[in-house]
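Here the structure comes first, spelled out in structure tokens, and everything after it is commentary.
The values are calculated or read from the model by the stated rules, or taken from the named source; none is laboratory data. Remember, it's a predicted structure, so these values are computed and weren't measured experimentally. Positions of Cβ are backbone-derived with ideal geometry, glycine not excepted, and every protein chain shown enters the neighbour counts.
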Amino acid sequence: MVKNWVGFMGRILSFSFIAWTFSSILFSAQAMKVETYKKSPELFCLAQNIYFEARGEPLLGKISVGHVVLNRVADKRFPDHVCKVIRQGGHRRLHRCQFSWWCDGKSDAPRDVKSWYEAIFVAHLIRKGVTIDPTKGALWYHAVTVSPNWANHMRREAKIGQHIFYTKPKRRVSRLSKESTPRG
């Protein structure tokens with residue numbers, strides 16, 4: 001009888017510990033989300049993009065997705081703020097934005113705690129300049145599972161994980177255009 005009682009209490013305590021651990025992890029993830037946003041909205045936006053676009057990718061894939069955002073911030077054709085780059089488009093219609101998770105109509109709250117912490121860590125590394133851009137300056141990418149029309153007009157730079165990264169092809173200067181240029 002005592003053995004059964006000890007086993008029963010052990011299971012209750014184990015269950016209670018597991019429930020407490022799980023709830024504290026969820027709470028700390030939420031606290032980490034709020035704290036990250038308060039300290040640096042740009043870091044938070046970058047971490048969110050890494051989380052939603054590359055959560056299942058290896059480290060290099062996460063770094064690559066993060067660098068595309070910073071490459072866009074540095075390019076005059078895009079907004080000059082991380083959050084504005086990520087949120088570009090999609091305000092009026094679903095699925096019409098630069099990064100699909102932003103305008104898919106689903107919650108933007110990270111649910112996988114481990115992946116969220118990894119995304120924050122990678123965002124920190126990228127923002128601190130610890131990483132090298134493995135995309136060769138790519139401004140666009142897509143998953144290997146899709147074939148967007150715009151990709152035909154770009155130069156493929158790299159395939160990293162489950163994404164293909166692109167830059168805009170350099171304009172070729174033809175002999176005719178060189179000869180017709182006015183000289184001063």
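Computed quantities for the displayed model
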{"item": "Residues that are among the aliphatic types (A, V, I, L, M), assigned to a helix (DSSP H, G or I) and touching a residue at least 40 places away in the same chain (Cβ under 8 Å), drawn from segment 116-153", "result": "Ala119, Ile120, Val122, Ala123, Leu125, Ile126"}
{"item": "All positions within segment 115-166 that are of a type in the set (D, E, K, R) and farther than 12 Å from Lys62 by Cβ", "result": "Arg127, Lys128, Asp133, Lys136, Arg155, Arg156, Glu157, Lys159"}
{"item": "Residues (modelled with pLDDT of 65 or more and not in a loop (DSSP other than H, G, I, E, B)) located in segment 75-100", "result": "Val82, Cys83, Lys84, Val85, Ile86, Gly89, Ser100"}
{"item": "Among the candidates Val173, Val130, residue that is of a type in the set (A, V, I, L, M) and modelled with pLDDT under 90", "result": "Val173"}
{"item": "Some residue of segment 147-159 being of a type in the set (A, V, I, L, M, F, W, C), in contact with a helix residue (DSSP H, G or I) (Cβ under 6 Å, 6 or more places away or on another chain) and modelled with pLDDT of 90 or more", "result": "no"}
